1. Output ³J(HN,Hα) for the range 157-170: one whole-Hz value per residue in order, computed from phi by the Karplus curve 6.51 cos²θ - 1.76 cosθ + 1.60 with θ = phi - 60°, and x for Gly and Pro.
2. For Trp232, tell me the accessible area in Å² from a 1.4 Å probe, rounded to the nearest 10.
3. Which net charge results when you count Lys and Arg as +1 and Asp and Glu as -1 among the other residues whose beta-carbon is under 10 Å from that of Arg153?
4. So how much slack lies between Arg69 and Gln152, counting 0.36 nm per residue of separation and subtracting their Cα-Cα distance, in nm?
5. Could you please state how large a percent of the accessible area of the chain is carbon and sulfur, counting protein chains only and using a 1.4 Å probe?
6. Given that compact globular proteins tend to follow 2.2 N^0.38 Å, what is the ratio of the alpha-carbon Rg of the range 1-135 to that value?
7. Cα centroids of the range 249-265 and the range 11-32: how far apart, whole angstrom?
8. Excluding residues fewer than 8 places away in the same chain, name every one of the lysines whose C-alpha is closer than 24 Å to that of Lys46.
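The values are calculated or read from the model by the stated rules, or taken from the named source; none is laboratory data. Predicted, not measured: the structure shown is a model, and the values here were computed from it. Note that we place each Cβ from the backbone using ideal geometry, even for glycine, and neighbour counts take in every protein chain shown. These area figures cover heavy atoms from the full protein model, side chains too; ligands, DNA and RNA do not enter into them. Shrake-Rupley method; radii C 1.70, N 1.55, O 1.52, S 1.80 Å.
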Amino acid sequence: MSLRIVYMGTPEFAVGPLEALLEAGHEICAVYSQPPRPAGRGQKPKPGPVQAFASAKRIPVHTPLRLRRAEDQAAFAAHNADVAVVAAYGLILPQPVLDAPKFGCINIHASLLPRWRGAAPIQHAILAGDAQTGVTIMQMDAGLDTGDMLLQRPVPITAETTATSLHDALAALGSELIVEALARLEAGTLEATPQPDSGSTYAAKLSREDGRLDWRRPAIDLERQIRALTPWPGTWFQHGETVLKVSAADIVPNRNGPPGQVLDDALTIACGEAALRPTRIQRPGKAPMAAADLLRGYPLPAGTRLDLPA
């Protein structure tokens, strides 16, 4: 037996679960995704990863700007879906959409709810130094990631975990869990658990400014920031008029100096606690490179003072 599903997702994170549902034999009657965005030098509209995948599979794709109009809600209800599966879709679902499928809307969320509700749970879990995160399959309600939990499974976060590696691990886990959740839904054994009242945190949407490295902070925080915000929105610091992007760095303990001062010829930079040594860095208009290669063409000798955020 298979379920009739409307799938709602946009980025790469949501491709794996869609593929897993197809492989499990479910009927994907429609896909909803964010409209194509301008991309590349020509700024031509480019479909998101989910839209591109669904189109290749000849699944009808809908890309409304919003779902507030009565006609959009009626069109959604006309799919007569058993359930809607939502993964990083990017639009708030109004109550008529939440209520339209027989079993409502089920979300694949990349955190252990109620921790890190919101738009950027993967990055915030690393930024905060959490020891673990995971995936929660959740029954959606009108709140922001506040619905009842259906399935949950943890993933460890180590000192080597990056946003990219964690994204891939959680996408794979989400693909497994949504198939398991729908199998239990069909069997009538899927149980809902309300989220606890305590322990909730909010993972706010990130901007470029969130990536600026403030040397007054401890080196451990900055190293986490680099792992959490690479490749997007990226981490960076300023030296005069030049913005330098950092995509990898090591913590150097017991190195003292005023925050932002370069301490040696290997680009060890004093922080509020300990020091940070960028190992992969990028100048404007150049490809990312090893710090040693950058320093040959852009010297930052010991004693250099790097800009601090205002």
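1. 10, 10, 5, 9, 5, 10, 4, 5, 5, 6, 3, 5, 5, 6
2. Trp232 has an accessible surface of roughly 150 Å² with all protein chains in place.
3. Result for the local shell: -2.
4. Stretched out fully, the Arg69 to Gln152 stretch lengthens by 26.5 nm.
5. The computed percentage sits at 52.
6. Normalised by 2.2 N^0.38 Å, the Cα Rg of the range 1-135 equals 1.10.
7. 47
8. Within the straight-line limit of under 24 Å, Lys46 reaches these lysines: Lys57, Lys205.
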